[in-house]
1. Counting only residues that are open to solvent by less than 80 Å² (accessible area, probe 1.4 Å) and more than 22 Å from SER518 (Cα to Cα), how many does the stretch 565-597 have?
2. For the stretch 351-370, state whether one or more residues are within 27 Å of ARG536 (Cα to Cα), open to solvent by 50 Å² or more (accessible area, probe 1.4 Å) and not in a loop (DSSP other than H, G, I, E, B).
3. Going by the conditions given, is LEU321 open to solvent by 40 Å² or more (accessible area, probe 1.4 Å) and either free of Cβ contacts under 8 Å to residues at least 24 places away in the same chain or touching a Phe, Trp or Tyr at 6+ places or on another chain (Cβ under 7 Å) (or both)?
4. Looking only at helices (runs of 4 or more DSSP H) that fall completely inside the stretch 31-105, which ones have 3 or more residues that are open to solvent by 80 Å² or more (accessible area, probe 1.4 Å), on the phi > 0 side of the Ramachandran plot and in contact with a Cys (Cβ under 7 Å, 6 or more places away or on another chain)?
5. Based on what the data block shows, is ASN22 of a type in the set (S, T, N, Q) and either within 13 Å of ASN121 (Cα to Cα) or buried (at least 21 other Cβ atoms within 10 Å of the Cβ) (or both)?
6. Would you mind finding the one in LYS467, LYS506 that is open to solvent by 30 Å² or more (accessible area, probe 1.4 Å), under 15 Å from VAL581 (Cα atoms) and either of a type outside the set (A, V, I, L, M) or in contact (Cβ under 8 Å) with a residue 24 or more places away in the chain (or both)?
7. Does the stretch 445-456 include one or more residues that are β-branched (Val, Ile, Thr) and open to solvent by 50 Å² or more (accessible area, probe 1.4 Å)?
8. Where the second residue is in a helix (DSSP H, G or I) and open to solvent by less than 20 Å² (accessible area, probe 1.4 Å) and the first is under 16 Å from GLY424 (Cβ atoms) and of a type in the set (D, E, K, R) and lies in the stretch 48-66, which pairs have Cβ atoms under 9 Å and are six or more apart or on separate chains?
Amino acid sequence: MPEYKAPLRDMSFVLNEVLELNAHYQNLPGCEEATPDMVAAIMEEGAKFSERVLSPLNQIGDQQGCQWSEEGVTTPEGFRDAYQQFVEGGWPSLAHDPEWGGQGLPESLGIVLNEMVGTANWSWSMYPGLSHGAMNTIEAHGTQDQKETYLTKLVSGEWTGTMCLTEPHCGTDLGMLRTKAEPNEDGSFRISGTKIFISAGEHDMADNIVHIVLARLPDAPEGTKGISLFIVPKFMPAGGGVGDRNGVSCGSLEHKMGIHGNSTCVMNFDEATGYLIGPPNKGLNCMFTFMNTARIGTALQGLAHAEWGFQNSLAYAKDRLQMRSLTGAKCPDKAADPIIVHPEVRKLLLTQKAFAEGGRALIYYTAQLVDKVHQASPEERAEADGLLALLTPIAKAFLTEVGFESANHGLQVFGGHGYIAEWGMEQNVRDSRISMLYEGTTQIQALDLLGRKVLMTQGESLKRFTKIIHKYCQAQSDNTGLKEFTDPLLTLNKEWGELTMQVGMKAMQNRDEVGAASVDYLMYSGYVTLAYFWARMAETAQQKLAESDSDKAFYEAKLTTARFYFQRILPRTRGLVATMVSGADNLMSLDDEHFQF
């Protein structure tokens, strides 16, 4: 059976040595209790739960899937018991306001926990994971009564939450949605419509499910300006518990490529009782409270599949004997050498390692920005919010793309055995594929990055981050040992701005230039962003090696992986530059009717 071991040493390296977590927490109001000892204890206990409880259920969930009946949806064997342990351990309340039953710890700690839980068993992690968006939305936009009724139960984990956006005829284009909300005399609304692809929409793991639903009021304007947001519970709240069943049901389960252990539902709302959350016709504005949270969570999925694939393919590569090393037998006492001696196998392993460890640094950095947005001073909050707006589409799209690449590399290391279900590698590939689709496809994230976040701000949001990179490289200008990283990073950072201006000038003549360049631009941005974090990790490793011989092998491995990233992966930017600036004509000039003859 494939296994997962939480990479606590690397997690601690990024948090404590690179991003200086303790200083970060001490500078945040209300986070003083998040001491190094407490953080270490939380990580250790989270690792135990993930490794011992969730990881063994990963293949079971894939093999059994969820079962639909008119009475409801049954989750795979062990899922419900694991969720009860999760709730009893207080994990759902970790990073939420004590006013609503939370423990008041920083959001970044919750994201660290989510990495371990998600890597161990992504399908299972989606059940509590979807609740975070619902909680954040109700906390930000709900009334006092809504918070007391729903938020307390969601924070405790007694109830779970979903977000119901997509409809059969509209996916990303939410302006086309048709779900209706008719007002009742008591101030509630009758919600009617069908939503599809609703993760964790129906299950047997919690007492109630709180749906956050987009719908239209009768007098709503057309398009996205006429969308409102509603709370629609599965069971009506009653006396601190649940009462009558509401008019919402699961019509069917989707038959999916992967994440079989999670129920992906068609949800039918038949005059279900709902309650307006936030202002009328401002549902999309409120929705982005949970969409941004969900997008960082999906970025985490890219890391999860890269890490899981790396761990299991590394173990296999050390054990599997095939052929001899080209430079002579490394294990002459055995029939053949382990396949880790072969350069191309090592390339597959190092690529996974570089993306997993680099992705971890990027996500933990965004997690600390989330902390600042929630708890820092107004000036720091504005700066963090601006950086987060830029980095969220990069993290979501880039890390899921390279996470899927890494999952495939993990399978490739196994050769034919990777294609066989018992090893778990083909499941990892299937499970990872959805990450590039939901919460906005890579193409949508790319348009958001280049069109909205960069060009519509005249490049100001990009300058905010490239200035950080520039100052970092300048500060290291006298560090000759780091020049192999900072010199190419400085060059690429400058080119990033120049490419932005070049595409922007073309777009003034033809708007299709934005769409034509967007995905290449996003991937270029991702490679440069990860290069920045690999340079920082290399710097930290150099410092530690200069100070003592303690943990020497770890820091030397970090430097070697940084060199691999800069020499073997970062050059991908050259091809992206060529395709990015080639223009829209090679995409748009072929007549629609001439694609096939």
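1. 2
2. Within the stretch 351-370, the subset within 27 Å of ARG536 (Cα to Cα) is 351-370.
From the residues that got through so far, the ones that are open to solvent by 50 Å² or more (accessible area, probe 1.4 Å) too are none.
Among the residues of the stretch 351-370, not one is within 27 Å of ARG536 (Cα to Cα), open to solvent by 50 Å² or more (accessible area, probe 1.4 Å) and not in a loop (DSSP other than H, G, I, E, B), which makes the answer no.
3. Numbers: open to solvent by 40 Å² or more (accessible area, probe 1.4 Å): yes; either free of Cβ contacts under 8 Å to residues at least 24 places away in the same chain or touching a Phe, Trp or Tyr at 6+ places or on another chain (Cβ under 7 Å) (or both): yes.
Yes.
4. On the way: elements: 36-49, 58-64, 79-88.
Where helices (runs of 4 or more DSSP H) fall fully within the stretch 31-105, none carries at least 3 residues being open to solvent by 80 Å² or more (accessible area, probe 1.4 Å), on the phi > 0 side of the Ramachandran plot and in contact with a Cys (Cβ under 7 Å, 6 or more places away or on another chain).
5. On the way: of a type in the set (S, T, N, Q): yes; either within 13 Å of ASN121 (Cα to Cα) or buried (at least 21 other Cβ atoms within 10 Å of the Cβ) (or both): no.
So ASN22 fails the test.
6. Numbers: LYS467 fails: under 15 Å from VAL581 (Cα atoms).
Step by step, each of LYS467, LYS506 is checked, and only LYS506 is open to solvent by 30 Å² or more (accessible area, probe 1.4 Å), under 15 Å from VAL581 (Cα atoms) and either of a type outside the set (A, V, I, L, M) or in contact (Cβ under 8 Å) with a residue 24 or more places away in the chain (or both).
7. Taking the stretch 445-456 as the starting set, the residues that turn out to be β-branched (Val, Ile, Thr) are 454.
The next check asks that each one be open to solvent by 50 Å² or more (accessible area, probe 1.4 Å); those that pass are none.
Within the stretch 445-456, not a single residue is β-branched (Val, Ile, Thr) and open to solvent by 50 Å² or more (accessible area, probe 1.4 Å).
8. Taking only residues 6 or more apart or on different chains, the pairs are GLU51/MET116; GLU51/ALA120; ASP62/SER123; ASP62/GLN427; ASP62/ASP431.
The values are calculated or read from the model by the stated rules, or taken from the named source; none is laboratory data. Since this is a predicted model, take the numbers as computed values, not measurements. Reconstructed Cβ throughout: ideal geometry from the backbone, glycine too, with neighbour counts over all protein chains shown. Ligands, DNA and RNA are stripped out before the accessible areas are found, and what is left, the full protein with its side chains, is counted by its heavy atoms. Shrake-Rupley method; radii C 1.70, N 1.55, O 1.52, S 1.80 Å.
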